[in-house]
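Input: a single structure, listed below in structure tokens.
Read-outs throughout are calculated quantities, based only on the coordinates presented, and are distinct from any laboratory measurement. Predicted model only: the values in this text are computed from it and were never measured. Using ideal geometry, Cβ is built from the backbone for each residue, glycine included, and neighbour counts are taken over all protein chains shown.
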Amino acid sequence: MRNVCVVITARPSYSRVKSVLEALKARKDVRLQIVVAASALVDRTGRVVEVIKRDGFPVDAEVSSLVEGDSDGNMAKTTGLALLELPSVFSRLEPSVVVVVADRYETIATSIAASYMRIPVAHIQGGEVTGNIDERVRHANTKLADVHFVASSVARKRVLAMGEDPGSVHLTGCPSVDLARDISPETPLGFDPFQKYGGVGEKFPNLEKFIVVLQHPVTNEVDQSREQVIASLEAVTAVGLPTMWFWPNVDAGSDRTSKAIRSFRELRDPKNIHFFKNMEPREFLLLINRAAALVGNSSVGVREAGYLGVPVVNIGSRQIGRERARNVVDCGYGVEEIRSAIDHQLRHGRYEPDHLYGEGTAGEQIAELLATGKLSSNKRFHDK
């Protein structure tokens, strides 16, 4: 029986790997191990660890590694703390393979610790291109990983171009899309977001037409974080539709983004915006599925929203270079640019679903490969 250890470090990481966890838990030839670290443990982003436990998954270790603050240095310190703690966790759990999820800055600690301990590393969502520090971390994870589960054919070509063994690079699609597999345009919301998740701001009795906003700071544009989110707040307020606004990730710039949101709410008291910390992965997808548009710079807009056909306004550079379907309209940080893009998407309405990131079976494929595929911590560069 293999010990498959999955390290979850942030709110989006759980969404990206939940279907893999479900498939692994259902197998009799795997012992699933879950390690939760960094921002997945903090209340500011909704304590994702509690969501994981409520969903019935065992948490084998919690690694308190997040150094909160608005600086690039704190990202480095967070990564360093995780690197100090994870080897002890891996020594205790004795994993057969460690799974690294995507590209957040702190995930590099997982790859380094496991690699140095000669534990095979499996990486999900390598080979993609974006802005942010994520770009560097993703490719570094690829070079440290022994097995790769990529979301698109273009991503697979990029991983192969980095000298990885073709036999270790598996085109599975994106596991975060799996959560949307049974959601259609007619699927009802099925829950009251205000009653279940609280939050602050106006509550809307009629949710026939509303917007969802999820905007994170951009780590190489930290000094502009405040101005960027204020512009989005101004634009959404001007549009006037009921809006569900979600708190940003804890990247560099998050303090400025968060403070700008709080200041705007207190000074302007927008009557059309309600602010949430977090939402369970599938219920968040149910929410954006019913939305007239998703606004911001989250990868949800180019992955799950594309699969569902939800109109998306992608603001700024955070998703630059990432493959996207026709549902995405890109715009800059200006108030009028954002407002114009939202108006365009509201007029357009629903798009045809796009399967760029898979058919919704990635979790099952990845679990099968983790349970039965060849595992080795020895790797060599493969020339074409």
Fewest-first sequence of 244, 1 by Cβ atoms within 10 Å of each Cβ: 1, 244
Separation of alpha-carbon centers, the range 41-103 and the range 310-384, rounded to whole Å: 24 Å
Relative contact order computed over the chain (Cα-Cα under 8 Å; 6+ residues apart), in percent: 19 percent
Three principal axis lengths of the range 1-118 [C-alpha, angstrom, descending]: 44, 32, 21
Among 204, 276, 246, residue whose mean-square fluctuation peaks in a GNM of the chain (springs only between Cα atoms under 10 Å): 204
Degrees between helix 72-93 axis and first principal axis of the chain (Cα, 0 to 90, nearest 10): 40 degrees
With 10 Å bins from 0: P(r) over the range 42-172, alpha-carbon pairs, percent: 12, 38, 36, 13, 0
Formal net charge of residues neighbouring residue 164 (Cβ-Cβ distance under 12 Å; K, R +1; D, E -1): +4
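How long is the gain from residue 161 to residue 227 if the chain were fully straight, where each residue apart is worth 0.36 nm and the alpha carbon distance is subtracted?
Once the chain is fully extended between residue 161 and residue 227, it gains 19.9 nm.
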Proximal charge balance of residue 185 [Cβ under 15 Å; K/R count +1, D/E count -1]: -2
Those lysines that a straight Cα-Cα span of less than 26 Å connects to residue 25, excepting residues fewer than 8 apart in one chain: 53, 374
Highest average packing first - 321-327, 299-305, Cβ atoms within 10 Å: 299-305, 321-327
Shape of the range 193-348, Cα gyration tensor, a/c cut at 1.5: rounded
Sites residue 202 and residue 374, calculated FRET efficiency, Cβ-Cβ separation with R0 56 Å, nearest 0.05: 0.55
Cα-Cα separations in the range 260-384 greater than 20 Å, expressed as whole percent: 58 percent
Note, ³J(HN,Hα) from phi for the range 52-65, Karplus 6.51, -1.76, 1.60, rounded to Hz, x at Gly and Pro: 4, 5, 5, 6, x, 9, x, 10, 7, 7, 10, 10, 7, 10
Enclosed volume per residue, in Å³, of the convex hull spanned by Cα atoms of the range 252-296: 100 Å³
Most positive-pole-ward Cα, 4, 250, 74, against dipole of the chain from beta carbon charges: 4
The chain - charge dipole about Cα centre, Lys and Arg +1 at Cβ, Asp and Glu -1, debye rounded to 20: 500 debye
Candidate aspartates and glutamates - alpha carbon under 17 Å from residue 259, same-chain residues fewer than 8 apart omitted: 43, 68, 70, 221, 223, 227, 234, 251, 269
Rounded to 10°, Cα long-axis angle of helix 335-348 versus longest principal axis of the chain: 90 degrees
Residue of 314, 141, 220 that the Gaussian network model of the chain assigns the largest fluctuation, springs spanning Cα pairs under 10 Å: 220
Residue 59-residue 1 pseudo-label distance in nm [points 7 Å out on the Cα-to-Cβ vector]: 2.3 nm
Among 79, 257, 372: highest mean-square fluctuation, GNM of the chain, C-alpha pairs under 10 Å: 372
Eligible lysines near residue 271 by straight Cα distance, threshold 18 Å, same-chain separation 8 or greater: 203, 209
Percentage relative contact order, the range 193-348, counting C-alpha pairs under 8 Å, at least six apart: 26 percent
Formal net charge of residues neighbouring residue 371 (Cβ-Cβ distance under 15 Å; K, R +1; D, E -1): +2
Pair-distance profile P(r), taking every C-alpha pair of the chain, with 10 angstrom steps and integer %: 5, 25, 35, 25, 9, 1, 0
Net lengthening on full extension, residue 182/residue 238 (0.36 nm per residue, minus Cα-Cα): 16.7 nm
Degrees, to the nearest 10: 254-268 long Cα axis against longest axis of the chain: 20 degrees
³J(HN,Hα), Karplus 6.51/-1.76/1.60, whole Hz, each residue of the range 317-330, x for Gly, Pro: 9, 4, 9, 4, x, 6, 4, 9, 8, 6, 6, 9, 10, 8
